[in-house]
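Below is one structure; the comments refer to it alone.
Values in this text are rule-based calculations from the coordinates and carry no lab data. Just so it is clear, the model here is predicted, and its values are computed rather than measured. Quick reminder, even Gly has a Cβ in these numbers, built from the backbone with ideal geometry, and neighbours come from all protein chains shown.
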Amino acid sequence: MLHQRLQPSTPYAALVFDCDGTLVDTASANESAWRTALAGWQVDLDPAWYRARTGLSADRLLAELETETGAELDYQAVRAAALDAYQWLIHTVTPHRPVSAVAEAHRGRVPMAVASGGARQAVEETLRVTGLRPLFDTVVTRDDVRYGKPAPDVYLLAARLLGVAPYACVAYEDTDEGVASALAAGMTVIDVRPVLR
């Protein structure tokens with residue numbers, strides 16, 4: 001049974017889903033991975049500070065962290081360390097069933113994509129481990145575009161790859177940055193947070 005608040009309103013030609021926090025519950029794994037990675041730079045990640053910024057791209061997150069802490073970080077090295085740490089935690093990731101049920105119900109009915117601010121390696125592996133990858137025609141990540149969320153780039157590319165106008169897409173999101181990204185692309189947005197809380 002699909003949750004009524006997550007049901008897209010007609011007409012729509014495609015569905016586009018954020019990954020972390022929307023399709024899957026990666027909050028604990030991602031926070032632990034970042035904490036592990038940043039420990040190498042003697043930065044203690046404050047949980048509340050991090051949770052308020054989960055919709056940011058990795059580079060924006062690190063830039064804000066530098067401003068906050070005064071630390072000088074090697075972005076590429078920190079990202080690589082976080083990705084490595086995440087691989088050890090990926091078995092803890094589970095689908096958000098109310099949202100994944102929407103994708104399952106629409107499989108074969110309309111084109112569907114994932115548009116994530118995460119790294120391709122992590123997103124693809126997350127979708128594979130949770131069994132969700134076969135539901136989607138394409139996956140777009142931060143690695144595929146010039147600007148991450150809240151810029152509209154990942155959503156615009158997802159629509160283009162699906163062959164659907166952005167205004168005909170419904171996007172599913174769980175962060176303010178993600179909602180802003182999808183709206184800037186011209187999509188209708190369903191914020192999943194009221195259902196998942």
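What to note about this one:
- Less than 5 angstrom separates the built amide H of Ala115 from those of Phe17, Asp18, Cys19, Val140, all sequence-distant by 5 or more or on a different chain.
- Gain on full extension, evaluated as 0.36 nm per residue between Arg193 and Ala165 minus their Cα-Cα distance, stands at 7.5 nm.
- Residues whose placed amide H lies under 5 Å from that of Thr94, excluding near-sequence neighbours: Asp25
- Packing rank of 176-189, 97-110, where each peptide gets the mean count of other beta carbons within 10 Å, highest leading: 176-189, 97-110
- Temperature 4 °C, viscosity 1.567 mPa s: under these conditions the Stokes-Einstein estimate for the chain, based on its Kirkwood radius over C-alpha pairs, is 77 µm² per second.
- Listed residue (Tyr50, Pro98, Leu83) projecting farthest to the positive dipole end of the stretch 28-184, Cβ model: Pro98
- Against the chain, whose longest principal axis is taken from its Cα atoms, helix 153-162 shows a tilt of about 40°.
- Considering only the chain, percent of DSSP beta bridges that pair antiparallel, nearest 5: 10 percent
- Relative to the Cα centre, the charge distribution of the chain, modelled as +1 at Lys and Arg Cβ and -1 at Asp and Glu Cβ, gives a dipole magnitude of about 820 debye.
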